[in-house]
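Working notes, structure below.
The values are calculated or read from the model by the stated rules, or taken from the named source; none is laboratory data. Since the structure is predicted, the reported quantities are computational estimates derived from the model, not experimental observations. Cβ sites come from the backbone with ideal geometry, for glycine too, and all protein chains shown count toward neighbours.
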Amino acid sequence: MSMFDTPDTFYLSQPEPNQSCLLTLRHLILQQDPGITETRKYGMPCFCYGQRAFCYLWTDKKTTEPYLLLVDGKRLEHPALEAGDRARMKILRVNPNGDLAVGEITEILQLALGV
């Protein structure tokens, strides 16, 4: 049985404060629309709208901090999003030690759902 057999095992395997941060992000994502479903792709929690993946949750390999990866990020314009060297996707870095910018995160998720 793999460590990622259920979506919950991914979250529960994360150290604090990342665990609480990722669980809150998960809740915010699922709250955006009843049509959003959660699955797992590439070992990462993946959120789909309809049949299409629109975002993932993951942690940065260097900083270990969580981030929200938006699949069609290149189509989204928001000052908090980073493209880096990604051609299609953008990320939103999240500081697990501070208060989450719920309004900003919600705004970005709504933009992503509208793409």
Next item on the list: Answer with yes or no whether Thr64 is polar (S, T, N, Q), exposed (fewer than 13 other Cβ atoms within 10 Å of the Cβ) and closer than 19 Å to Arg26 by Cβ.
Entry: yes
So, Val102, is that one out of contact with any strand residue (DSSP E or B) (no Cβ under 8 Å at 6 or more places or on another chain) and under 24 Å from Tyr11 (Cα atoms) or not?
yes
For region 1-43, the count of residues that are of a type in the set (Asp, Glu) and either within 14 Å of Tyr56 (Cβ to Cβ) or at pLDDT below 90 (or both) equals 3
Counting only residues that are farther than 21 Å from Ile36 by Cα and within 15 Å of the chain's Cα centre (by Cα), region 62-80 contains a total of 3
So, first residue within 16 Å of Ile105 (Cα to Cα) and among the charged types (D, E, K, R) in region 70-91, second residue at pLDDT 95 or above and assigned to a loop (DSSP other than H, G, I, E, B), Cβ within less than 6 Å, six or more apart or across chains; the pairs are Lys90/Leu81
Over region 6-20, the set of residues farther than 20 Å from Cys48 by Cα and either out of contact with any helix residue (DSSP H, G or I) (no Cβ under 8 Å at 6 or more places or on another chain) or not in a helix (DSSP H, G or I) (or both) is Ser13, Gln14, Pro15, Glu16, Pro17, Asn18, Ser20
